[in-house]
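The values are calculated or read from the model by the stated rules, or taken from the named source; none is laboratory data. Given the structure is predicted, the values throughout are model-derived calculations rather than measurements. Every residue, glycine as well, gets a Cβ built from its backbone with ideal geometry; the counts of neighbours run over all protein chains shown. Ligands, DNA and RNA are stripped out before the accessible areas are found, and what is left, the full protein with its side chains, is counted by its heavy atoms. Shrake-Rupley method; radii C 1.70, N 1.55, O 1.52, S 1.80 Å.
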Amino acid sequence: MSDSISRRGFLKDGGLGALALALGVEIRFAEWIPEGLVPLAYADEGEAFVLQGKDGLKVLGDRPVNAETPPHLLDDEVTPTSRLFVRNNGLVPDLARDGTADGWTLTVDGEVEKKLVLTLDELKAKFRHHTLHLVLECAGNGRSGFFPPVAGNQWTYGAVGCPLWTGVRLKDVLRAAGLKRTAVYTGYYGHDRHLSEDPEKVVISRGTPIAKALDDHTLLAFAMNGAPLTAAHGFPLRLVVPGYPASASGKWLKRIWIRDRVHDGAKMTGMSYRMPGHPVSPGTVVDPSQMEIIETMPVKSLVTYPRSGLTVGEREGRALAVRGFAWSGAGKVSRVDVSFDFGRRWRQARLKPARNRYGWQRWETTLDLPGKGYYEIWARAQDRTGEMQPMVVPGWNPEGYLNNAMPRISVTVGA
Ligand SMILES: Nc1nc2c(c(=O)[nH]1)N[C@H]1C(S)=C(S)[C@@H](COP(=O)(O)O)O[C@H]1N2
Ligand SMILES: [Mo]
């Protein structure tokens, strides 16, 4: 392979076409190359699998694409687009790749006085724009911590982020359509394609109670961090329903169906995004009738600095800056405590207010690690309702949701 061909080149020059040209032969079976796979002919060493536009994410799967962010790469108050996790249940629709919203519309129908069909320009022109700092977190974040293990993406800490979202309030759009008294729930539909390639099959179609849809912070977002949504994150329009499992935040939106009952779309029923109504012992088989829809997400935190596994000198260890973020689906986090002696003593960290409700909050502190040795640094957040992160993995459940155990990192003080 010539020097001019590299992973960077692959990403920049539009990939397969350019590679075929450089190789001088056709790439057989090109249609089966998974999304995000960089052909070996192009790959830099150790980097055979990357996601376009992403930086340092760990890819958990390629069909569908799922990738999480290592905690030390989440150290920005506003999560850069290149570092926001990706969770797809199906395949990215072609319209998102084309990057044009020509011919795209959003339909709002069901229990409304007036059905709406809006182009992106109409949506932007008719409703006030809002920019909010909102946490997006997959309900399965932390799944890898459960024992016995449960099937699904083995997220560790990084299926979460807090970018700036710009869009219109779902509330304003629903008001324009006029909610009937019978309106109880929302149900979204997106343009993504089912893994089976069967156009009749819906990938995922979830929703929320009307009260949540009417929350001032529930957005129909067309931009992230000041730029149009990227293909991976739902171009041209997505829901952002903060405080709820991110599965409620439908991407590549095409329709919002207002229901007169709890929505029963794909991944809304059965075991999906549901928890047992009563705590169960690990490994229990739970009947779907005993499962309840997850609504508010629990209190949680991350240690984003230092990077776990860091070795520092003794001087640095005597005044080690440690920091991260804390958030809760219930709104405000009231305190974060930090321990470096396996939980014997806790010191309260400084905690900044959120930019707006459902934004994550910076916490930071300086630790005095007393000399050489291996340490673990633990962080534990508590929200305004009094809920606190457990020190150990909480309530095992069949699908591995809502593990909000306190985060841990290790630091070694060397010579
Ligand atoms: N249309 C559609 N919307 C979707 C999904 C999807 O597969 N299709 N995945 C959901 C899930 S489970 C999560 S966690 C979030 C992930 O959002 P992100 O990929 O922008 O981080 O999108 C949600 N919205
Ligand atoms: Mo998710």
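In plain terms, the chain from residue 280 to residue 181 could stretch by 31.9 nm, reckoned as 0.36 nm per residue minus the Cα-Cα distance. Helix-only arithmetic for the chain: the sum of -39500 (n - 2.57) across DSSP H runs with n ≥ 4, divided by the residue total, places the mean residue ellipticity at 222 nm at -2500 deg cm²/dmol. Each of 274, 175, 193 has its accessible area taken with a 1.4 Å probe; listed largest first, they run 175, 193, 274.
Rank 224, 391, 275 by mean-square fluctuation in a GNM of the chain with C-alpha springs under 10 angstrom and give only the top-ranked residue. So, out of 224, 391, 275, the one fluctuating most is 391. Taking the centroid of alpha carbons for each part, the stretch 268-332 and the stretch 380-402 are 6 Å apart.
Rolling a 1.4 Å probe over the protein heavy atoms gives the stretch 64-269 an accessible area of 37 Å² per residue.
Note on the stretch 165-207 and the stretch 108-125: Cα centroid distance 11 Å, given to the nearest whole angstrom. Take every pair of alpha-carbon atoms less than 8 Å apart whose residues are at least six positions apart; their mean separation over the length of the chain yields a relative contact order of 15 percent. With each label modelled as a point 7 angstrom along the Cα→C-beta vector, the residue 352-residue 129 pair spans 2.4 nm.
Evaluated with a Cβ-only charge set (Lys, Arg +1; Asp, Glu -1), the chain carries a dipole of roughly 1420 debye about its Cα centre, given to the nearest 20. Pairs of C-alpha atoms in the stretch 297-413 farther apart than 16 Å represent 59 percent of all such pairs. For the stretch 64-269, the normalised intensity computed at q = 0.08, 0.12, 0.19 Å⁻¹ comes to -0.26, -0.59, -1.49 (log10 of I(q)/I(0), Debye sum over alpha carbons, equal scatterers, no solvent). Could you check how much of the accessible area of the stretch 297-413 is carbon and sulfur, as a whole percent, using a 1.4 Å probe? Looking at the stretch 297-413 in its full context, I get 47 percent from C and S. Fully extending the segment from residue 308 to residue 30 would add 96.2 nm, taking 0.36 nm per residue of separation and subtracting the current Cα-Cα distance. Packing, taken as the mean count of other beta carbons within 10 Å per residue, orders the peptides 194-201, 63-70 from highest to lowest as 63-70, 194-201. Applying a threshold of 19 Å to the alpha-carbon distances of 251/332; 114/254; 124/251; 171/201 flags 251/332; 171/201 as lying beyond it. Answer rounded, prolate or oblate for the stretch 47-107, using the Cα gyration tensor with square roots of eigenvalues a ≥ b ≥ c: rounded when a/c is under 1.5, else prolate when a/b is larger than b/c, else oblate. Taking the square roots of the gyration eigenvalues as a ≥ b ≥ c, the stretch 47-107 is prolate.
Of the solvent-accessible surface of the stretch 64-269, computed with a 1.4 Å probe and all protein chains present, 51% belongs to carbon and sulfur.
Note on the chain: GNM, Cα springs under 10 Å; of 100, 269, 79, the largest mean-square fluctuation is that of 100.
Take each peptide in 279-287, 375-383, count the other Cβ atoms within 10 Å of every residue, and average; sorted highest first, the result is 375-383, 279-287. For the chain, modelled as a GNM whose springs connect Cα atoms under 10 angstrom apart, the maximal fluctuation among 182, 107, 81 occurs at 182. Accessible surface area normalised per residue over the stretch 297-413 is 45 Å², counting heavy atoms of protein chains with a 1.4 Å rolling probe. Mean projected area of the Cα convex hull of the chain, taken over all directions, amounts to 22.8 nm².
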